[in-house]
Amino acid sequence: MRIALIGAGRIGAVHARSVAASPDTELVLVADPVDGAAERLASAYGAAATTDVGDVFADDAVDAVVVGSPTAYHVEQIVAAVEAGKAVLVEKPVDLDLGRADRCLAQVGDRADRVMLGFNRRFDAALAEIHRRAGAGEIGDIEQLTIISRDPAPPPVEYLAASGGIFRDMTIHDLDMARFFLGDIVAVQTVPQRLDPAFAKTDDFDAAVVTLTAASGAVATIINSRHCAAGYDQRLEAFGPRGALRVENHTATSVVLDAAGSSGARGPYLDFFLARYADAYASELAAFVAAVRDGAAPSPSLLDGRQALALADAATESARTGRSVAPAPVPAPSAVV
Ligand SMILES: NC(=O)c1ccc[n+]([C@@H]2O[C@H](COP(=O)([O-])OP(=O)(O)OC[C@H]3O[C@@H](n4cnc5c(N)ncnc54)[C@H](O)[C@@H]3O)[C@@H](O)[C@H]2O)c1
């Protein structure tokens with residue numbers, strides 16, 4: 001499969017590496033409007049480069065597109081790609097505005113089954129194993145899901161200003177995890193925190209506890225923080241009547257040091273998402289390629305992206321009002337303007 005990459009930044013570099021490493025895919029074109037950005041990445045893999053993103057949609061040699069541009073461009077690039085007959089793997093979030101996401105779904109229509117959302121955590125080996133084993137009934141129906149997700153340090157202020165807030169930027173991964181494990185969510189309750197003085201002058205939060213009630217009655221608790229002294233803190237537990245399945249933090253080595261000053265020391269957690277989820281990004285690409293090759297609808301879908309955004313909106317509203325909020329349902333296509 002001949003793949004073009006749109007956006008040659010941080011996540012673009014990850015996808016370029018996965019595309020180049022897979023025997024099933026070839027990186028043929030990299031597009032980025034910033035002078036030299038596409039060229040720098042493309043040259044490492046022998047791909048062509050352009051500063052005109054339109055070249056991707058016009059190129060008949062491109063079968064599929066990976067969109068790793070800033071979030072504000074995702075919707076227009078999804079629509080342009082499917083209209084040009086290309087399959088799309090697009091980074092999260094689909095957009096920061098639910099109305100725009102709904103319009104995108106309506107515009108894409110049946111061709112939504114050519115679009116996959118980059119919720120990479122679904123492809124992490126440990127999380128996928130818990131999902132599979134819980135789905136096979138090993139612990140009974142999940143009653144409680146606990147997700148701890150803390151970043152090592154907050155991003156720069158300029159990034160935060162355009163991020164859409166903690167729930168649309170960071171929690172959205174965990175909101176998708178909650179849907180992945182529990183299905184439809186009917187209520188969202190947030191307890192937000194502003195712990196870092198840098199957030200005092202913003203209307204954003206730097207930590208939060210979000211509880212989600214699923215249609216099944218199960219409850220998910222998401223614990224987020226923009227800082228964590230110990231590093232990138234990624235843990236999940238699925239609890240059911242017959243037991244619990246749990247993944248702890250990954251460290252670079254499984255060797256443990258017992259010494260005079262400490263015991264059970266393993267070294268720090270893996271650095272951040274690029275290290276912790278490196279394999280997941282590659283597995284995500286493989287799942288996308290397999291779905292497109294087999295003519296199957298890729299998962300997670302564009303609708304999954306929209307639903308996670310609706311939960312992020314609900315979490316934001318709950319943080320501001322203190323009330324429990326139901327996520328906005330998908331409007332009928334005729335009601336989308
Ligand atoms: N799944 C994940 O774990 C994950 C991790 C990081 C980022 N992301 C998502 O990926 C997207 C990009 O984030 P990033 O951290 O790589 O950002 P980045 O700023 O590092 O890179 C963005 C790149 O896009 C380019 N760009 C700017 N305008 C563009 C346009 N109109 N069309 C194409 N390219 C354009 C920029 O020049 C830059 O090279 C965001 O939507 C973000 O939420 C996802």
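Bear in mind these aren't lab numbers, they're just calculated from the coordinates by the rules spelled out. All values derive from a computational prediction rather than experimental measurement. Counting neighbours? That spans all protein chains shown, and the Cβs are built from the backbone with ideal geometry, glycine included.
Write down the Å³ per residue value for the convex hull defined by the alpha carbon atoms of the stretch 260-337.
207
Of all DSSP beta bridges in the stretch 134-266, what percent run antiparallel (nearest 5)? Present the calculation step by step, with values, prior to reporting the outcome.
Working: 28 of 35 bridges.
Antiparallel bridges: around 80 percent, rounded to the nearest 5.
Counting helices only, and only those DSSP H runs with n ≥ 4, report the 222 nm mean residue ellipticity of the chain as the sum of -39,500 (n - 2.57) divided by its residues, in deg cm²/dmol to the nearest 500.
On the way: 11 runs with 115 residues, N = 337.
So the helix-based figure for the chain works out to -10000 deg cm²/dmol.
What does the extension gain come out to for residue 272 and residue 184, with contour length at 0.36 nm per residue minus their alpha carbon separation?
Gain in length upon complete extension: 28.8 nm.
Counting only other residues whose beta carbon sits under 12 Å from that of residue 293, what net charge do I get with K and R as +1, D and E as -1?
Charge balance in the 12 Å sphere: -3.
Measure nothing fancy, just the Cα-based angle from helix 278-294's long axis to the longest principal axis of the chain, in degrees from 0 to 90, nearest 10.
50
Just for the chain, what percent of DSSP beta bridges are antiparallel, to the closest 5? Walk me through the numbers on the way to the answer.
On the way: 31 of 58 bridges.
Taking every DSSP beta bridge with both residues in the chain, the antiparallel ones total about 55 percent.
If contacts are Cα pairs under 8 angstrom and at least 6 residues apart, what is the relative contact order of the stretch 59-120 in percent?
36
Between the stretch 299-337 and the stretch 73-98, how many Å separate their Cα centres?
What the calculation gives is 18 Å, centre to centre.
Explain nothing, just the number: dipole magnitude of the chain about its Cα centre with +1 on each Lys and Arg Cβ and -1 on each Asp and Glu Cβ, in debye rounded to the nearest 20.
Around 700 debye, computed over the chain.
What angle, in degrees between 0 and 90 and rounded to the nearest 10, separates the Cα long axis of helix 98-108 from the longest principal axis of the Cα atoms of the chain?
Value to nearest ten degrees: 40.
Given a 10 angstrom Cα cut-off, can you work out which residue in 101, 37, 312 is the most mobile in a GNM of the chain?
37
Calculate the spin-label point distance for residue 320 paired with residue 128, positioning each point 7 Å from the Cα along the beta-carbon direction, and give it in nanometres.
3.8
So what are the radius of gyration and Dmax for the Cα set of the chain, in Å?
Gyration radius and largest Cα-Cα distance of the chain: 20.2, 69 Å.
With a 10 Å cut-off between alpha carbons and a GNM built on the chain, which of 127, 257, 175 moves the most?
257
Which of 222, 11, 78 ends up with the largest GNM mean-square fluctuation for the chain, with Cα atoms connected below 10 Å?
Fluctuation is largest for 11.
Which residue, chosen from 8, 134, 232, occupies the Cα position most advanced towards the positive end of the dipole of the chain, where the dipole is computed from +1 (Lys, Arg) and -1 (Asp, Glu) charges on Cβ about the Cα centre?
In the chain, that residue is 134.
So, counting K/R as plus one and D/E as minus one, what does the shell of residues with Cβ under 11 Å around residue 304 add up to? Don't skip to the end; give the middle numbers.
On the way: positive: 92, 122, 179, 306; negative: 176.
After counting each charged neighbour, the total is +3.
Mind checking the dipole of the stretch 251-314: about its Cα centre, +1 per Lys or Arg Cβ, -1 per Asp or Glu Cβ, Debye to the nearest 20?
Dipole about the Cα centre, nearest 20: 20 debye.
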